[in-house]
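To keep things clear, I will list the structure first and then write my remarks on it.
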Number of protein chains: 2
Amino acid sequence: MKTVLSEDHRQHFPKGELYGGELVLPFERPERWDFIVDQLKAIEMTDFIAPDPLQMETVQKIHDAAFLRFLATAWDQWAEENYKGDALPTVIPARRMQQKEPDHIDGKLGYFCMAIETAITSGTWTAACASAAIAQTAQSLVSAGERTAFALCRPPGHHAARDLYGGYCFLNNAAIAAQGFLDTGADRVAVLDVDFHHGNGTQDIFYDRSDVMFASLHGEPEHAFPHFLGYSDETGKADGEGYNINYPMPPGTDYPVWSSALEEACARIDGYGPDAIVVSLGVDTFKNDPISFFKLESDDFTAYGARIAKLNRPTLFVMEGGYSINEVGINTVNVLEGFLNT
Amino acid sequence: MKTVLSEDHRQHFPKGELYGGELVLPFERPERWDFIVDQLKAIEMTDFIAPDPLQMETVQKIHDAAFLRFLATAWDQWAEENYKGDALPTVIPARRMQQKEPDHIDGKLGYFCMAIETAITSGTWTAACASAAIAQTAQSLVSAGERTAFALCRPPGHHAARDLYGGYCFLNNAAIAAQGFLDTGADRVAVLDVDFHHGNGTQDIFYDRSDVMFASLHGEPEHAFPHFLGYSDETGKADGEGYNINYPMPPGTDYPVWSSALEEACARIDGYGPDAIVVSLGVDTFKNDPISFFKLESDDFTAYGARIAKLNRPTLFVMEGGYSINEVGINTVNVLEGFLNT
């Protein structure tokens, strides 16, 4: 199993993350990546390759042009204001307000965000592009015949919607990879999102499409970030009706409950008959994750990797969240090993 | 001219305000009030009175029940989470997401906010209620026959919409006062908002009503907070069509330009024939205001106070913004003196 990765992720390391009313050391920080790489080395899964240059045409099928322009220029506009911190929004287009992009960077940040903890820094665009390129390159490997590949993306992507960033995400790496499969011959792609948090961005992007099925297992939106999407009655619309499947689960959910939902999701995916599967791999379902509330044990990750393998489809793993620093590497690699050993 | 005021405003003093990507000493802080009181004393305008208890029935005509319940309980819910900072939102219901109030306080904050700089503290609800009571009491004085009164409100109110807080505002004091005039015999009330920032909350509250005319002079939303409301083509809807009047003006606007807009606004108000006028009095149009971009001089405040007096209607002044600490007192009192001496 090849892992596509790049040191460019280090370009994105905000000074702070808004959490509990303070700016704290970001939960989503470069160290996460190091723990995963260390664990890959520990099991000698070291077929590391660098990403090819980003193919922007695919990205443009996933994100709006105005949003991409914003992401590419936000830091420079922010820097012109001589603010002291990294770029964070202050005002948003709430209910009954105008959904119109303002000229000033303060307004643009609010217009394009869906969460406020996520700062844009001088290196964010570079890192986000590298992360998307990693997903594309890993997808190309699978499209070219590999059974599987691991896109070690950072920053993650599944909260990034058509024209929204936030939740540590800027470009939706998994969605870009799914589009890449379609663009290289696949008729149908399934995205299976096992991150603790609902993949609101991926849902948004494919909500009216039947060529990508989206299935997500996650904390109930009443209680868990991103709070405003991920309900079970969100089933898709227009051509996409029936191709969006959410499994929201309550605080304290353990593996027996979680794996039942996975079983259902796998059955739906199997029935769909996708030519490829993209797994949005977040390991923040772990019992000790600092910002989540599921109760999976490390061995459970191995078990569900094996279950995904039984779908017997070309499968791309795209890294998303997971913030329990010590175990983020072990749990991630457990999923991959569970898959490979099945 | 009586001034209604209360020391309870000191209960609201967040540890930080999100500005330029950092948590900084809030621009909207208790000291602002002290500068105004000092200046009132300096000119011996010291007919100070305390507010009567808040009449919640009027407030309930302005704000949604769920929003009031949220404001009253937000701090206690936040405190249960053992976060270290004051209550700030992290995730919001952006485009195409669910407009549904979640159970968790993190989600509730995002659901009910329109701006993120504004923290809720242990004393915020007490201060917000006292501020609204000040507006009510001052309105009662004018309803009872006084020519004018000054509601020295803090926190301010004009950004607070039917079910949204933010921009330092929680309860919309000016809107509550306008409703108070209607409830005590007025048929029509005009709200004239001269704060630098658009009074998006007041506009929102009365947008479909003809019994309150709203006229606002403010920085263009393309460039100025609150960015997502305040365009000139927002003229009201349904019964309110034609009763909402916005005068957005560009960076660098000085008094000749600003006072032309005021002249137009006064003509519209005069034609409307209100039984009372509520002035949302922000003095952040001042040339040295740290977060605004108009260029009024201190004498200009005296001049426009006089212009408002010429409308010759019962007039209530409700304090809103103004952050140039040294001059916030002088400029505020200049408006009142200009009014009284005309």
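Can you tell me which residue is surrounded by the fewest Cβ atoms within 10 Å (Cβ to Cβ) among those in the range A:261-280 that are touching a helix residue (DSSP H, G or I) at 6+ places or on another chain (Cβ under 9 Å) and more than 24 Å from A:G185 (Cβ to Cβ)?
Taking the candidates together, the pick is A:E263.
In the range B:19-41, how many are assigned to a helix (DSSP H, G or I) and among the hydrophobic types (A, V, I, L, M, F, W, C)? Spell out how you get there, then give the answer.
We begin by selecting, within the range B:19-41, every residue assigned to a helix (DSSP H, G or I); these are B:31-41.
Imposing the further condition that a residue be among the hydrophobic types (A, V, I, L, M, F, W, C) reduces the set to B:33, B:35-37, B:40.
The total comes to 5.
Limited to the range A:312-337, what total is found for residues that are farther than 16 Å from A:T3 by Cβ and surrounded by fewer than 24 Cβ atoms within 10 Å (Cβ to Cβ)?
Total satisfying the criteria: 8.
Name the residue that is farthest from A:Y19 (Cα to Cα), counting only residues in the range A:161-202 that are of a type in the set (V, I, T) and assigned to a loop (DSSP other than H, G, I, E, B). Full working, then the answer.
From the range A:161-202, those of a type in the set (V, I, T) are A:176, A:184, A:189, A:191, A:194, A:202; that's our starting set.
Now narrow it down to the ones that are assigned to a loop (DSSP other than H, G, I, E, B): A:184, A:194.
Working: A:T184: 41, A:V194: 23 Å.
Checked the range A:161-202; the qualifying residue farthest from A:Y19 (Cα to Cα) is A:T184.
In the range A:65-82, how many residues are exposed (fewer than 12 other Cβ atoms within 10 Å of the Cβ) and either outside any helix (DSSP H, G or I) or polar (S, T, N, Q) (or both)? So that I can check it myself, show each step before the final result.
Residues of the range A:65-82 exposed (fewer than 12 other Cβ atoms within 10 Å of the Cβ): A:65, A:76, A:80, A:82.
From what's left, either outside any helix (DSSP H, G or I) or polar (S, T, N, Q) (or both): A:82.
Residues that pass the stated criteria total 1.
Could you tell me which residue of the range A:254-285 is nearest to the chain's Cα centre (by Cα), considering only residues that are farther than 18 Å from A:N334 by Cβ and of a type in the set (A, V, I, L, M)?
For the range A:254-285, the residue satisfying everything is A:V278.
Being surrounded by fewer than 24 Cβ atoms within 10 Å (Cβ to Cβ) and either of a type outside the set (D, E) or closer than 30 Å to B:Y83 by Cα (or both), is that true of even one residue in the range B:164-181? So that I can check it myself, show each step before the final result.
Of the range B:164-181, the ones surrounded by fewer than 24 Cβ atoms within 10 Å (Cβ to Cβ) are none.
Among the residues of the range B:164-181, not one is surrounded by fewer than 24 Cβ atoms within 10 Å (Cβ to Cβ) and either of a type outside the set (D, E) or closer than 30 Å to B:Y83 by Cα (or both), which makes the answer no.
With respect to B:T46, determine if the residue is more than 30 Å from A:E101 (Cα to Cα), away from every other protein chain (no Cβ under 14 Å) and in a loop (DSSP other than H, G, I, E, B). Show your work before the answer.
Details: more than 30 Å from A:E101 (Cα to Cα): yes; away from every other protein chain (no Cβ under 14 Å): yes; in a loop (DSSP other than H, G, I, E, B): yes.
So B:T46 fits the description; yes.
Residues of the range B:93-125 being in a loop (DSSP other than H, G, I, E, B), within 8 Å of chain A (Cβ to nearest Cβ) and closer than 21 Å to B:P26 by Cβ, which ones? Walk me through how you get there before you give the answer.
Step one: list which residues in the range B:93-125 are in a loop (DSSP other than H, G, I, E, B), which gives B:93-104, B:114, B:116-119, B:121-123.
From the residues that got through so far, the ones that are within 8 Å of chain A (Cβ to nearest Cβ) too are B:93-100, B:102-104, B:114, B:116-117, B:119.
Scanning the range B:93-125 gives B:M114, B:I116, B:E117, B:A119.
Taking into account only those residues within the range B:110-123 that are β-branched (V, I, T) and crowded, with 24+ Cβ neighbours inside 10 Å, which is farthest from B:I92 (Cα to Cα)? Reasoning before the result, please.
Residues of the range B:110-123 that are β-branched (V, I, T), as a first pass: B:116, B:118, B:120-121.
This time we only want the ones that are crowded, with 24+ Cβ neighbours inside 10 Å, so: B:116, B:118, B:120.
Numbers: B:I116: 10, B:T118: 14, B:I120: 16 Å.
For the range B:110-123, the residue satisfying everything is B:I120.
Which residues, counting only those in the range A:200-225, are within 9 Å of chain B (Cβ to nearest Cβ), in contact with a strand residue (DSSP E or B) (Cβ under 7 Å, 6 or more places away or on another chain) and either surrounded by fewer than 24 Cβ atoms within 10 Å (Cβ to Cβ) or over 21 Å from A:K295 (Cβ atoms) (or both)?
The answer is A:N200, A:D204, A:Y207, A:E220.
I need the full set of residues from the range B:1-40 which are within 14 Å of chain A (Cβ to nearest Cβ) and of a type in the set (S, T, Y), in order please.
Result: B:Y19, single match.
Could you tell me which numbered condition A:N246 fails, if it satisfies all but one of (1) assigned to a strand (DSSP E or B); (2) farther than 16 Å from A:H197 by Cα?
Here A:N246 clears every test but (2).
Pairs please, first residue from the range A:258-287 and more than 26 Å from A:G322 (Cα to Cα), second anywhere and among the basic types (K, R) and modelled with pLDDT of 95 or more, Cβ atoms under 7 Å, 6+ apart in sequence or on different chains.
A:Y272/A:R188; A:G273/A:R188; A:P274/A:R188; A:P274/A:R313; A:D275/A:R188
Which one of the conditions (1) under 13 Å from A:A160 (Cβ atoms); (2) part of a loop (DSSP other than H, G, I, E, B) does A:I205 fail to meet, given that it meets all the rest?
The failed condition is (2).
Return the residue satisfying two criteria in turn: it lies in the range B:141-160 and is part of a strand (DSSP E or B) and of a type in the set (A, V, I, L, M, F, W, C), and of such residues it is farthest from the other protein chains (Cβ to nearest Cβ). Spell out the reasoning first.
If we filter the range B:141-160 for residues that are part of a strand (DSSP E or B), which is where we start, we get B:148-151.
Pick out the ones that are also of a type in the set (A, V, I, L, M, F, W, C) and you get B:149-151.
Details: B:A149: 31, B:F150: 29, B:A151: 25 Å.
Here the residue is B:A149.
Being over 20 Å from the mean Cα position of the chain (by Cα), crowded, with 16+ Cβ neighbours inside 10 Å and of a type in the set (G, A, S) is the filter here, so list the residues in the range B:286-305 that pass it.
The one that is over 20 Å from the mean Cα position of the chain (by Cα), crowded, with 16+ Cβ neighbours inside 10 Å and of a type in the set (G, A, S): B:A303.
Quick check on A:P51: is it crowded, with 22+ Cβ neighbours inside 10 Å, touching a strand residue (DSSP E or B) at 6+ places or on another chain (Cβ under 6 Å) and more than 9 Å from chain B (Cβ to nearest Cβ)?
Working: crowded, with 22+ Cβ neighbours inside 10 Å: yes; touching a strand residue (DSSP E or B) at 6+ places or on another chain (Cβ under 6 Å): yes; more than 9 Å from chain B (Cβ to nearest Cβ): yes.
Here the answer is yes, as A:P51 does meet what is asked.
One residue is enough: does the range B:179-187 have a residue meeting the conditions β-branched (V, I, T) and in contact with a Gly (Cβ under 8 Å, 6 or more places away or on another chain)? Break it down stepwise before answering.
Of all residues in the range B:179-187, those β-branched (V, I, T) come to B:184.
From what's left, in contact with a Gly (Cβ under 8 Å, 6 or more places away or on another chain): none.
Within the range B:179-187, not a single residue is β-branched (V, I, T) and in contact with a Gly (Cβ under 8 Å, 6 or more places away or on another chain).
For the range A:1-18, give me the residue count where each residue is outside any strand (DSSP E or B), of a type outside the set (A, V, I, L, M, F, W, C) and closer than 12 Å to A:Y168 by Cβ. Steps first, please.
Applying the first criterion (outside any strand (DSSP E or B)) to the range A:1-18 yields A:1, A:5-16.
So of that shortlist, the ones also of a type outside the set (A, V, I, L, M, F, W, C) come out as A:6-12, A:14-16.
With closer than 12 Å to A:Y168 by Cβ added as a condition, the list becomes A:9, A:12, A:14.
Count: 3.
Look at the range A:305-326 and say how many of its residues are assigned to a helix (DSSP H, G or I), under 19 Å from A:Q39 (Cα atoms) and either of a type in the set (F, W, Y) or modelled with pLDDT of 95 or more (or both).
2
The values are calculated or read from the model by the stated rules, or taken from the named source; none is laboratory data. A quick note: this is a predicted structure, and the numbers were derived from the prediction, not measured. Cβ: placed from backbone, ideal geometry, glycine included. Neighbour counts: every protein chain shown.
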